[in-house]
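This report refers to the structure that appears directly beneath it.
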Amino acid sequence: MEQVLLVCDSEKATEFCRDVLKKQGYPDVFVCKNGPEAKRRLLEFDYDFTLINAPLRMESSEGVAIDIAEKNVSQVILLVNGEHFDEVHAHTRDYGVITVTKPIHARDMAMAIDFSHIAQSRIKMLMQENKKLQKKMNELKFINHAKILLVQYEELTEEEAHKKIERQAMDERKSRVLVSKEIIDKYE
């Protein structure tokens, strides 16, 4: 279940947003009345997206939106008054903030929420791919380090060292990384 952080200091707007979110399938909505409270909450928990209703009394809504977008994985939707939309959108779009003009109809807000969900899904896919690549890079570091040690201490060519690691991994039914760690431990 996706979690939503709503930053809004108006009771009427809070109820409207909660109703739309609930109809969109987001029953778990945590409400903060201001930016500092929202930032503290984001330190404790990763929300799938953050919905900010501008203006906020304590600080700049667009500043809060940019700060959240820069420092968190949470997708950000910023609701702004129509007369400020162009200026705010121009300032926040490069940070990945979805800016929506007010007054807003429930249907339009539902579309913005859907766009946010799509963007967040894409971010999650990219983060998973990034983790896989990081893991692969770390594995290759161990294997390359072990190959260097085999070249240095056993006077093998790089190709021979590579084949030795692969053969040993197959013979012992271990991963190449585990065999490489054993080689590193042996020579260091």
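The values are calculated or read from the model by the stated rules, or taken from the named source; none is laboratory data. It should be emphasised that the depicted structure is a prediction, and the values quoted were computed from it without experimental measurement. Please note: Cβ atoms are built from the backbone with ideal geometry, for glycine as well, and neighbour counts cover all protein chains shown.
Just one of the listed residues (Val80, Val73, Val64) is under 19 Å from Asp94 (Cα atoms), of a type in the set (Val, Ile, Thr) and at pLDDT below 90, and it is Val73.
For the range 47-84, the set of residues classified as of a type in the set (D, E, K, R) and without any contact (Cβ under 8 Å) to a residue 40 or more places away in the chain consists of Glu59, Glu62, Asp67, Glu70, Lys71, Glu83, listed by residue number. Go over the candidates Thr157, Thr101 one by one and state the one that is under 30 Å from Ala65 (Cβ atoms), touching a helix residue (DSSP H, G or I) at 6+ places or on another chain (Cβ under 8 Å) and among the hydroxyl-bearing types (Ser, Thr, Tyr). Step by step, each of Thr157, Thr101 is checked, and only Thr101 is under 30 Å from Ala65 (Cβ atoms), touching a helix residue (DSSP H, G or I) at 6+ places or on another chain (Cβ under 8 Å) and among the hydroxyl-bearing types (Ser, Thr, Tyr). Taking residues in the range 147-168 that are exposed (fewer than 13 other Cβ atoms within 10 Å of the Cβ), and partners anywhere that are of a type in the set (A, V, I, L, M, F, W, C) and part of a helix (DSSP H, G or I), the pairs with Cβ atoms closer than 9 Å and at least 6 places apart or on different chains are Glu154/Ala161; Thr157/Val151; Glu158/Ile148; Glu158/Leu150; Glu158/Val151. Checking each residue in the range 122-154 for being charged (D, E, K, R) and touching a helix residue (DSSP H, G or I) at 6+ places or on another chain (Cβ under 7 Å) picks out Glu139, Lys147. Residues in the range 31-49 include none that are polar (S, T, N, Q) and closer than 19 Å to Thr99 by Cβ.
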